[in-house]
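Can you read through this structure? Questions will come right after.
The values are calculated or read from the model by the stated rules, or taken from the named source; none is laboratory data. Predicted model only: the values in this text are computed from it and were never measured. Cβ: placed from backbone, ideal geometry, glycine included. Neighbour counts: every protein chain shown. Accessible surface areas use protein heavy atoms only, side chains included; no ligands, DNA or RNA. Shrake-Rupley method; radii C 1.70, N 1.55, O 1.52, S 1.80 Å.
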Amino acid sequence: MAKLVGQPIKRVEDPRFIQGRGGYVTNITLPGMASVAIKRSPVAHARIVSIDASKAEALNGVIAVFTGKDLIDGGTGKLPCGWNVPNIKVPDRWAIQPVGDKVRHVGDAVAAVVAESPYIAQDALDLIEVQYEELPAVIGAKSAASNKTLVHDSVADNITYTWPLGDHAAVEQALAESDTVVTLDLTNQRLIPNAMETRAAVAQWNRYTEEMTLWTTSQNPHPIRLLLSAFTLGIPENKLRVISPDVGGGFGSKIFHYPEEIIVPWIARKIDRPCKWVATRSEASVTDSQGRDHVSTAKLGLKNDGTITGLFVETHADMGAYISTFAPLIPTAFYVCLLSGLYKIPSIYCNVVATMTNTVPVDAYRGAGRPEAAYLVERLMDLACRKLKMDPIAFRRHNFIKPSEFPYQTPVAMMYDSGNYDGLFDKAIASSGYHELIAKRDQARKEGKIAGVGIAGCIEASGPAPSKVAGALGSAVGFWESAVIRMHPTGKATLFTGAHSHGQGHETAFAQIISDELGIPMADVEVVHGDTGKVPFGMGTYGSRSLSVGGSAIVKAAEKVRTKMIKIAAHQLEAAVEDIVFDQSTGKAYVKGSPAKSKGTFDMTFAAYTAHNLPDGLEPGLEENSFYDPANFTFPNSCHIAYVEIDSGTGRVDLQQYCAVDDVGNVVNPMIVEGQITGGIAQGIGQALYEYGAYDSDGQPQSATFMDYAMPRADCFPMIHTDRTVTPSPHNPLGVKGAGEMGTIAATVTAANAVMDALAPMNISHLDMPLTPEKIWSAINKK
C-alpha cells in the first residue's frame, strides 16, 4: 500500500457537506423543544433601572421570561477568565445583566424569553420594557485609559492589566546609539468574525438521571464542559455532556465560553424541556468576540549598513466590555513574543496596556496576536528600507536569522525551532517572478499608473504550547492533546481525538496518519471528535495546533497499538519480539528474514479479542491512548509577494498578482494545506483593504450588518499562487508546523506594503487599514 502522508487526497468529509448532510446544531430537532431568544441592550453603557416583562409573559405561546436575577438566584456563576496575567483585574460578567447593574456594550443580554416557536420568542422580545439610565460611552483602546468614565468601577483608569517584556534600558540605549531611528504610529483595526454558521446552542435535561446534554458550536467542547461545571452552571462534569458536531467555521471566535451556553441549559432544566437558541446574523455582530484592535507606537533602531539595533513598542489593546475567556493571551504572549519576526534584533522592549471599553469583547481571531506582530514588524521593515534607501529584500536578508543559528533564542522569550529564511525568499522570488514584477511596476509608473510591489516575511508561533510554559504565562489549562485508537476485531480502526474539526479536514488528514502508521486502508479508519461523552478529555482546535499536537498524540497512540500487535505476532509465530518486523505499508508482522511467515492486521486484531492465544500476562483487547504535551511551539514562516495597481480617480486597489511561499514543515495533505493558506490569505487581505468593526462615540456599532461590514468577494482576488519550502520541526514526531493561520498572518501586511509602495512616489509613507478607496483617494488628493 502506497504511503498516504504527503499525498493530496480529497477530503473524505466533503461529500456530506456538499450534499447537505452536515450535522449542525441548528439542524437539531428534539421532541417538545422550545425556542429561546435574548433581549439585548440597544445602548452601549447604561444602568438597568427596571425590566417589565408582563406583556411578553402574556403573549400566547410564551412559556416564561427570565432576567439576570433569576439566573443568579438559580445558581449560575460569573463567566471566568481562563488566562490570568499578573495583576490583572477581571470584572464580573454575568450571563444576563441583572437590574441595578449596567449594560456595557450594545448587545449585552438583559432578559431571555422561552417560547413555543422562535417567531413567538422574537415577538415577545419587543414587548419587554427596559428602563435604562444612559451613561457616557468609553471608546478607543488608547483614549480609554484617560477617560474619567469607568466601564467597571472595579477597574481603575479602565486599565485591566499592563504587560511589559524586555529590557527597557537596553532598548533605550540601543536607540540612542543608532544611526537612524524609524518611528511609526499605527492602528490594527477591529475585525468582526463572520463564520458561515452563526453560534447556536441546544440543551436537553434528563430529570431522572440529572444529566444535561448541551450541543454547542464550539471549537473545544471539553474546556467548555469544564467551565460550565466548575464556574457557571454547577452541573458535575460526569453529569454534563457537551457535543460540538459539525461546525460551520470558527476562526477563533468559537473558542470562548459564551453566555448563551449558560442561559440555554439553565432554562432547559428550569422548564424541563429541550431548548434551542440560534443567533441571527445581526446578533452575531454584537455578541461574537471580535478581533485585533491595537493602537501602537514603535521605534526601530538602525545602523547605516542596515543592521537592526533595537525595537521599542508600546501597544494599547482594547479588551472590550468584559474579559473574554482567553483574551489576555492574545496581546501578550501571542503578540509581544513574536516581535522579533525573522530577524536578529539584539534588544526588544514592549509594554502592553490593556483597556476596557463599551464595545463587544475582544479575543482570538484567526492568527490571534501573530498578525498584529507581523504587521507592526513588517511595516517597520519597509519604512526602514526607504529610510536607508536599501532594497527591501537585501535589507531583510542582512538581518535574517541563519539556518546554522537554530534553535534560536529571541529576546522576547521564544526559541525558534527551525527555518531557512534565505531559502524561503529565494523560492518566493522565483515563484512570483519578483524581478519581473518590479520591472512591471516601474513601466506602469512611467505610463502614469499608480503601481506597487509588496513583500513581507513573517513568522508564527503555532501549536501552543508546553503546558508548564502555558501555566507560567497565565493559562488555567494545559495545552496537551489526547488520542485513543480502538482497533476492532475485524481490523477496522476508530480514532477518538480531543482535537475538533470545523473545516480543517481532520477526518482526512488523521486517517492518512493512522493508515500509514498501522498499514490499514484509509477507508477502514473512522475519526470521532467533538463529543465529551465519547472522546477523552482534549483541548480542542485553535492556534494551528491540531496536527503538531493532536497529530503527534495520534502517532504516539499508534506506536502503542503497533507494539501490542508485534507482541501478539511474536507469540503466534513463535519468535522473539525483537525478531519481528512490522511492515507499515501492509500492516503485516513477520519474522525478520522470513516475510512469508507473517500475521496480517486481521490476524492480530482478531486474536486480541478472542484471547485464545495471547502471550502470558498480555491483556485482551486492542485499544491504546496517548496524551501528548508539546516540547515547544512550532514556528511556521512565510514570504508573500503582491502586485497592485491603484485607480487614481477612485483610490480603488486592484490586486493583480499574489504569491505565497510558506514553510509549514512536513505536510500530511498538500491539498488541505493549500486550501488553508489560500483561505487565510483571503481573510488577511480582507483586513488590509476592506474590513473594519467601527463604533461611533456613543458606542453604537457602525458596521454590524453585511451592508456595512465589507468583506472580500471572489472577484477581489487574482489566482493565488502557493508554494512551499520545508524545514521540519525537530520536536514532534511528524516534523510538522501549523498551517491554518500563516496565510492570514502574512497577507495583511503584504497587501498593505504593496499599497504603500504604490503610494511611495507621492511621499505617502503610511496609512492605517483598511486601505479603502476613500482613504487612498483622500491621501492622493492631499498630495
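Within region 261-310, count every residue that is part of a strand (DSSP E or B) and out of contact with any helix residue (DSSP H, G or I) (no Cβ under 7 Å at 6 or more places or on another chain).
6
Which one is nearest to ALA53 (Cα to Cα), of the residues in region 90-132 that are of a type in the set (Asp, Glu) and in a loop (DSSP other than H, G, I, E, B)?
Top of the filtered list is ASP126.
Could you tell me which residue of region 375-387 is farthest from the chain's Cα centre (by Cα), considering only residues that are open to solvent by less than 10 Å² (accessible area, probe 1.4 Å) and of a type in the set (A, V, I, L, M)?
ALA384
Also, I was wondering about something else. For region 679-691, state whether one or more residues are part of a loop (DSSP other than H, G, I, E, B), open to solvent by less than 20 Å² (accessible area, probe 1.4 Å) and of a type in the set (Asp, Glu).
Scanning region 679-691 turns up at least one residue that is part of a loop (DSSP other than H, G, I, E, B), open to solvent by less than 20 Å² (accessible area, probe 1.4 Å) and of a type in the set (Asp, Glu).
Considering only region 600-619, state which residues are touching a helix residue (DSSP H, G or I) at 6+ places or on another chain (Cβ under 8 Å), closer than 22 Å to ALA493 by Cα and open to solvent by less than 50 Å² (accessible area, probe 1.4 Å).
Hits for region 600-619 are THR601, MET604, THR605, ALA607, ALA608, LEU614, LEU618.
Which residues, taken from region 541-597, are touching a residue at least 24 places away in the same chain (Cβ under 8 Å), outside any helix (DSSP H, G or I) and touching a strand residue (DSSP E or B) at 6+ places or on another chain (Cβ under 9 Å)?
Passing the criteria: GLY543, SER544, ARG545, LEU573, PHE582, ASP583, THR586, LYS588, ALA589, LYS597.
For every residue, the table says whether it meets (1) in contact with a Cys (Cβ under 8 Å, 6 or more places away or on another chain); (2) over 22 Å from GLN702 (Cα atoms).
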site	(1), (2)
ASP123	no, yes
SER146	no, yes
ALA156	no, yes
LEU165	yes, yes
ALA169	no, yes
ALA195	no, no
ARG207	no, yes
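Right, something else. May I ask you to say which residue of ILE776, ILE764, ILE681 is more than 30 Å from ALA44 (Cα to Cα), within 24 Å of the chain's Cα centre (by Cα) and aliphatic (A, V, I, L, M)?
The match here is ILE681.
Given VAL353, VAL360, which one is touching a residue at least 40 places away in the same chain (Cβ under 8 Å) and open to solvent by less than 10 Å² (accessible area, probe 1.4 Å)?
Result of the check over VAL353, VAL360: VAL360.
Among the residues of region 604-620, write down those that are touching a residue at least 24 places away in the same chain (Cβ under 8 Å) and in a loop (DSSP other than H, G, I, E, B).
Scanning region 604-620 gives ASN613, LEU614, PRO615, LEU618.
Also, I was wondering about something else. I want to confirm something. Restricting to region 711-723 and keeping residues that are within 22 Å of the chain's Cα centre (by Cα) and in contact (Cβ under 8 Å) with a residue 60 or more places away in the chain, which single residue is most open to solvent (accessible area, probe 1.4 Å)?
The extreme case among them is MET711.
Among residues belonging to region 174-219 that are more than 30 Å from the chain's Cα centre (by Cα) and aromatic (Phe, Trp, Tyr), point out the one that is farthest from PRO411 (Cα to Cα).
Out of the qualifying residues, it is TYR208.
A further question follows. So which pairs qualify, if the first residue must be in region 431-444 and without any contact (Cβ under 8 Å) to a residue 12 or more places away in the chain and surrounded by 16 or more Cβ atoms within 10 Å (Cβ to Cβ), the second must be part of a helix (DSSP H, G or I) and not aromatic (Phe, Trp, Tyr), the Cβ gap must be under 6 Å, and the two must be at least 6 apart or on different chains?
none
Working carefully through the options ASP52, ASP101, ASP14, find the one that is surrounded by fewer than 19 Cβ atoms within 10 Å (Cβ to Cβ) and within 30 Å of PRO328 (Cβ to Cβ).
ASP101
For region 311-326, how many residues meet the condition of being in a strand (DSSP E or B) and either open to solvent by 10 Å² or more (accessible area, probe 1.4 Å) or in contact with a His (Cβ under 7 Å, 6 or more places away or on another chain) (or both)?
Qualifying residue count, region 311-326: 5.
Within region 565-592, how many residues turn out to be small (Gly, Ala, Ser), crowded, with 16+ Cβ neighbours inside 10 Å and on the phi < 0 side of the Ramachandran plot?
4
Give the residues of region 169-189 that are under 30 Å from GLY474 (Cβ atoms) and open to solvent by less than 80 Å² (accessible area, probe 1.4 Å), sorted by residue number.
ALA169, ALA170, VAL171, ALA174, LEU175, LEU184, LEU186, THR187, ASN188, GLN189
Residue by residue through region 177-213, note down the ones that are in a loop (DSSP other than H, G, I, E, B) and under 26 Å from THR705 (Cα atoms).
ILE192, PRO193, ASN194, ALA195, MET196, GLU197, THR198, ARG199
Here's another thing I want to ask about it. Pick from ILE345, ILE308, ILE330: which is free of Cβ contacts under 8 Å to residues at least 60 places away in the same chain, under 21 Å from ASN637 (Cα atoms), among the β-branched types (Val, Ile, Thr) and out of contact with any Ser or Thr (no Cβ under 7 Å at 6 or more places or on another chain)?
Going through ILE345, ILE308, ILE330 in turn, the sole match is ILE330.
Give the number of residues within region 199-242 that are open to solvent by 20 Å² or more (accessible area, probe 1.4 Å), more than 20 Å from PRO118 (Cβ to Cβ) and of a type outside the set (Phe, Trp, Tyr).
Adding up the residues that qualify gives 17.
Moving to a separate point now. Conditions: (1) buried (at least 19 other Cβ atoms within 10 Å of the Cβ); (2) at negative phi. GLY367 meets all but one. Number of the miss?
Only one criterion is unmet by GLY367, namely (2).
Are there any pairs with C-beta distances below 7 angstrom linking a residue in region 645-670 that is farther than 18 Å from HIS721 by Cα and in a strand (DSSP E or B) to a residue that is of a type in the set (Lys, Arg) and open to solvent by less than 30 Å² (accessible area, probe 1.4 Å), with the two at least 6 apart or on different chains, and if so which?
Cβ pairs passing all conditions: GLY665/LYS737.
Within region 44-63, identify whether any single residue is more than 30 Å from GLY474 (Cβ to Cβ) and hydroxyl-bearing (Ser, Thr, Tyr), and answer yes or no.
Among the residues of region 44-63, at least one is more than 30 Å from GLY474 (Cβ to Cβ) and hydroxyl-bearing (Ser, Thr, Tyr), which makes the answer yes.
Could you identify the single residue in TYR258, TYR208 that is free of Cβ contacts under 8 Å to residues at least 24 places away in the same chain and aromatic (Phe, Trp, Tyr)?
The conditions single out TYR208.
Here is a further query. Filtering region 25-38 down to residues that are open to solvent by 70 Å² or more (accessible area, probe 1.4 Å) and part of a loop (DSSP other than H, G, I, E, B), which residue is farthest from GLY248 (Cα to Cα)?
Within region 25-38, the subset open to solvent by 70 Å² or more (accessible area, probe 1.4 Å) is 27, 29, 31.
Now drop any that are not part of a loop (DSSP other than H, G, I, E, B), which leaves 29, 31.
Numbers: THR29: 18, PRO31: 25 Å.
Restricting to residues being open to solvent by 70 Å² or more (accessible area, probe 1.4 Å) and part of a loop (DSSP other than H, G, I, E, B), the top hit is PRO31.
Each row is one residue, and each column tells you yes or no for (1) within 20 Å of PRO630 (Cα to Cα); (2) assigned by TED's automatic domain parsing to the domain that holds PHE496; (3) surrounded by fewer than 23 Cβ atoms within 10 Å (Cβ to Cβ); (4) modelled with pLDDT under 95.
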residue	(1), (2), (3), (4)
ASP516	no, yes, yes, no
MET522	no, yes, yes, no
GLU526	no, yes, yes, no
GLY538	yes, yes, no, no
THR541	yes, yes, no, no
VAL549	yes, yes, no, no
SER552	yes, yes, no, no
LYS560	yes, yes, yes, no
